[in-house]
1. Output the residues belonging to region 105-160 that are surrounded by fewer than 15 Cβ atoms within 10 Å (Cβ to Cβ), in contact (Cβ under 8 Å) with a residue 40 or more places away in the chain and more than 9 Å from the ligand (Cβ to nearest atom).
2. If I ask for residues that are free of Cβ contacts under 8 Å to residues at least 40 places away in the same chain, under 25 Å from Thr102 (Cβ atoms) and not polar (S, T, N, Q), which ones from region 37-56 would you list?
3. Search region 22-43 for residues being surrounded by 13 or more Cβ atoms within 10 Å (Cβ to Cβ) and of a type in the set (Ser, Thr, Tyr), and hand back the single one that is farthest from the ligand (Cβ to nearest atom).
4. Filter region 1-12 for residues that are surrounded by 15 or more Cβ atoms within 10 Å (Cβ to Cβ) and assigned to a helix (DSSP H, G or I); which is modelled with the highest pLDDT?
5. Please work out if His19 is assigned to a loop (DSSP other than H, G, I, E, B) and either more than 16 Å from the ligand (Cβ to nearest atom) or in contact with a His (Cβ under 9 Å, 6 or more places away or on another chain) (or both).
6. Would it be correct to say that Leu210 is surrounded by 13 or more Cβ atoms within 10 Å (Cβ to Cβ), without any contact (Cβ under 8 Å) to a residue 24 or more places away in the chain, closer than 19 Å to Ser7 by Cβ and within 10 Å of the ligand (Cβ to nearest atom)?
7. If Pro230 passes every condition in (1) buried (at least 16 other Cβ atoms within 10 Å of the Cβ); (2) in contact with a strand residue (DSSP E or B) (Cβ under 6 Å, 6 or more places away or on another chain) but one, which one does it miss?
8. Mind listing whichever residues of region 74-109 are part of a helix (DSSP H, G or I) and out of contact with any Leu (no Cβ under 8 Å at 6 or more places or on another chain)?
Amino acid sequence: MGDDPASASYVRQKEKAAHGLGFFSETTVLPARTTEGELVGLITSLNADPRFHGILVQLPLPPRLSAERACGAVSPAKDVDCLHPENMGRLVRGDPYLLPCTPHAVHQILLRSGYPPAGKHVVIVGRSPLVGRPLSILLSQKGAGGDATVTLCHSATPDLGAFTRQADILVVAVGRPRTVTADVVREGTVIIDVGVNRVDDPSHPKGYRLVGDTDFGALREKAAAITPVPGGVGPMTVTMLLVNTVAACEAQTQDAR
Ligand SMILES: NC(=O)c1ccc[n+]([C@@H]2O[C@H](COP(=O)([O-])OP(=O)(O)OC[C@H]3O[C@@H](n4cnc5c(N)ncnc54)[C@H](OP(=O)(O)O)[C@@H]3O)[C@@H](O)[C@H]2O)c1
């Protein structure tokens, strides 16, 4: 909904990836004046449309609309962003249907790069329902892929550096450039930078460039590994959306058999 340029760019990336893999996908762009009733009406019609096995509401919505109500209107079976309360509840219970895309992306980056979280101290900066909080649940789950000890930091954490310095694995999902600088990270830490921020850059053709939440230039010397922005968590998040769509399709077609 609306004309947020960052949202438009994320939607384009998702469309491109879906088409590249031969998925049928459709994007509906609603004007910013759309009412909540109209939005929920559209979602309800997509819930019943057998052409779609996955639906996502690109956030943020205009502030006068409730993201909770919009995401709650998506059928849990088609909720490929994993933001429906039923799917969030299943994740908390340790019985997930699908995993939320960005936490799943972070998890897969760690596992596939040879940094399994088991037995490690993972410090996450940012507790949003989209990233930090579900990631803390995923990584602290008992059993394979989990078993980390997790500390979840936020804007009311006093002396953030006292926590980030203890991290074996540090995940930063704040939305503010240079939230984590080299002086608050130990040598050898594994860093996942989730943040995506536009900073003015007159030398760039677009007049801005994208940076993460960490001081990448200084930290790449100190960290055991660090994800770049752009090109790190973002593309992996899109991949996990497609993974979820395949899983949702399989679940729904099995149900129909
Ligand atoms: N790459 C991707 O695929 C992807 C996906 C999702 C998000 N993102 C990016 O990740 C970033 C975070 O997204 P989000 O949706 O989680 O954002 P959000 O909902 O705004 O949450 C930000 C979190 O950071 C915390 N915070 C803010 N300032 C802080 C500070 N100075 N010290 C410690 N914690 C602080 C906030 O604390 P409070 O809770 O106390 O307010 C909040 O928990 C954004 O840049 C977003 O664009 C990237």
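1. Scanning region 105-160 gives Ser113, Lys142.
2. Leu39, Val40, Leu42, Ile43, Leu46, Phe52, Ile55 - these are the residues of region 37-56 that are free of Cβ contacts under 8 Å to residues at least 40 places away in the same chain, under 25 Å from Thr102 (Cβ atoms) and not polar (S, T, N, Q).
3. Only one residue tops the list, namely Thr34.
4. Within region 1-12, the subset surrounded by 15 or more Cβ atoms within 10 Å (Cβ to Cβ) is 1-2, 4, 7, 10-11.
This time we only want the ones that are assigned to a helix (DSSP H, G or I), so: 7, 10-11.
Numbers: Ser7: 88, Tyr10: 92, Val11: 95.
It comes out as Val11.
5. no
6. Values: surrounded by 13 or more Cβ atoms within 10 Å (Cβ to Cβ): yes; without any contact (Cβ under 8 Å) to a residue 24 or more places away in the chain: yes; closer than 19 Å to Ser7 by Cβ: yes; within 10 Å of the ligand (Cβ to nearest atom): yes.
So Leu210 passes the test.
7. Pro230 satisfies all of (1) buried (at least 16 other Cβ atoms within 10 Å of the Cβ); (2) in contact with a strand residue (DSSP E or B) (Cβ under 6 Å, 6 or more places away or on another chain) except (1).
8. Answer for region 74-109, where residues must be part of a helix (DSSP H, G or I) and out of contact with any Leu (no Cβ under 8 Å at 6 or more places or on another chain): Pro76, Ala77, Pro85, Glu86, Met88, Gly89, Arg90, Val92, Arg93, Ala105, Gln108, Ile109.
The values are calculated or read from the model by the stated rules, or taken from the named source; none is laboratory data. All values reported here derive from a predicted model rather than from experimental measurement. Methodologically, a virtual Cβ is constructed for each residue, glycine included, from the backbone with ideal geometry; neighbour enumeration extends over all protein chains shown.
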